[in-house]
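I have placed the structure first, in the form of structure tokens, so that the comments after it can refer back to it.
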Amino acid sequence: MNSKQVVLITGSSTGFGRLFADTLARKGHTVFATMRDPGGRNARNASEIRVLAEKDSLPIHVLELDVTVDASVERAVDAVVAKTGRIDVAINNAGYYLSGLQEAVTTEQGRRLMDTNFFGAVRVNRAVLPHMRAQRSGVLMHISSIAGRIIAPSMGLYCASKFALEAFAETYHYELAAQGIESVIVEPGQYDTPVFGNTVMAADEVRANAYGAIKEVPTKINAALLSTAGSPQEVADAVLGIIETPAGEKQLRYIVSRASLGVDQINALTNQVQANLLEAFGLAADTKFLKGNAASV
């Protein structure tokens, strides 16, 4: 893989995505910072990124991409390949936080959450993989969360979306190894990004009120998350390090958190369980599955 890579990042208007774009571009990687509606609702964010790129001579290109729309994803990926001739890294970062007692989350709210947090990555990976397979190289990066391995009350649907993302990404880790393509998972802890300010709350207040004092759990959880949030630059630096790790040497999972809350233990155990499973299926000898599946950053 080239030392300077072509990187597509979803959800780049603010937060982690925007920070990833800046951090990677300052190291010389060509970055396509994608977002919904850069000419409308995200016009200000898109303009700020373009101004920064011009001011500091950074190789950042703003591109429209809505992860919930197949055609939008395909157009964006085609535009990247038309401009650069390749795509080396796809960072599945787009997502949002849904908070509330599970019964108070409507079916429509749950569907929208999964369409962004999970199916967005399904669409992006399907769009980039034909190009990566043709190159015989590439990295699919999935920005999960420690909430993709552990569960807290009032975070059930959000955790479910990240659990699904983890299973999806790990399956690709197995299926793509022989193609020269790596699938990796980044599991951040609590970090100070706009995700908390953009939290979607469970809509059915009548259902929530039926729980009495328990209905205050989401408020307590969210306050605890905010009080322990670290600098998101730590995650951006970890992403840069992962991308610049030589091909074939990347881990499957990376925890980026000041406190793992036991996620490192879960990863170590599931790594062994998966190794046993693949051995039982007679698959381990044909792949690189079992080499270094988890790390803390």
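Only a single criterion out of (1) β-branched (Val, Ile, Thr); (2) surrounded by fewer than 23 Cβ atoms within 10 Å (Cβ to Cβ); (3) over 25 Å from GLU216 (Cα atoms); (4) touching a residue at least 24 places away in the same chain (Cβ under 8 Å) is not satisfied by THR193, namely (3). Scanning segment 86-125 for residues that are without any contact (Cβ under 8 Å) to a residue 60 or more places away in the chain, more than 11 Å from the chain's Cα centre (by Cα) and open to solvent by less than 20 Å² (accessible area, probe 1.4 Å), which turns out nearest to LEU226 (Cα to Cα)? So, considering only residues that are without any contact (Cβ under 8 Å) to a residue 60 or more places away in the chain, more than 11 Å from the chain's Cα centre (by Cα) and open to solvent by less than 20 Å² (accessible area, probe 1.4 Å), the one nearest to LEU226 (Cα to Cα) is GLY110.
Right, ALA213: touching a residue at least 12 places away in the same chain (Cβ under 8 Å) and either in contact with a strand residue (DSSP E or B) (Cβ under 6 Å, 6 or more places away or on another chain) or more than 30 Å from GLY28 (Cβ to Cβ) (or both) or not? Taking the combined requirement at face value, the residue does not satisfy it.
Taking the condition farther than 18 Å from PHE119 by Cβ and in contact with a Leu (Cβ under 9 Å, 6 or more places away or on another chain), does ILE181 pass? So ILE181 passes the test. Filter segment 205-238 for residues that are within 28 Å of the chain's Cα centre (by Cα) and among the charged types (D, E, K, R); which is farthest from GLY156 (Cα to Cα)? Out of the qualifying residues, it is ASP237. Can you work out which of the residues in segment 204-245 that are open to solvent by 70 Å² or more (accessible area, probe 1.4 Å) and outside any helix (DSSP H, G or I) is modelled with the lowest pLDDT? The selected residue is THR228. Quick check on segment 163-203: of everything there that is of a type in the set (S, T, N, Q) and part of a loop (DSSP other than H, G, I, E, B), which residue is nearest to VAL263 (Cα to Cα)? Among them, the one singled out is GLN190.
The values are calculated or read from the model by the stated rules, or taken from the named source; none is laboratory data. Just so you know, these numbers come straight off a predicted model, no measurement behind them. Neighbour counts run over all protein chains shown; Cβ positions are idealised from the backbone, glycine included. Remember, those area values only see protein heavy atoms, side chains included, never the ligands or the DNA or RNA. Shrake-Rupley method; radii C 1.70, N 1.55, O 1.52, S 1.80 Å.
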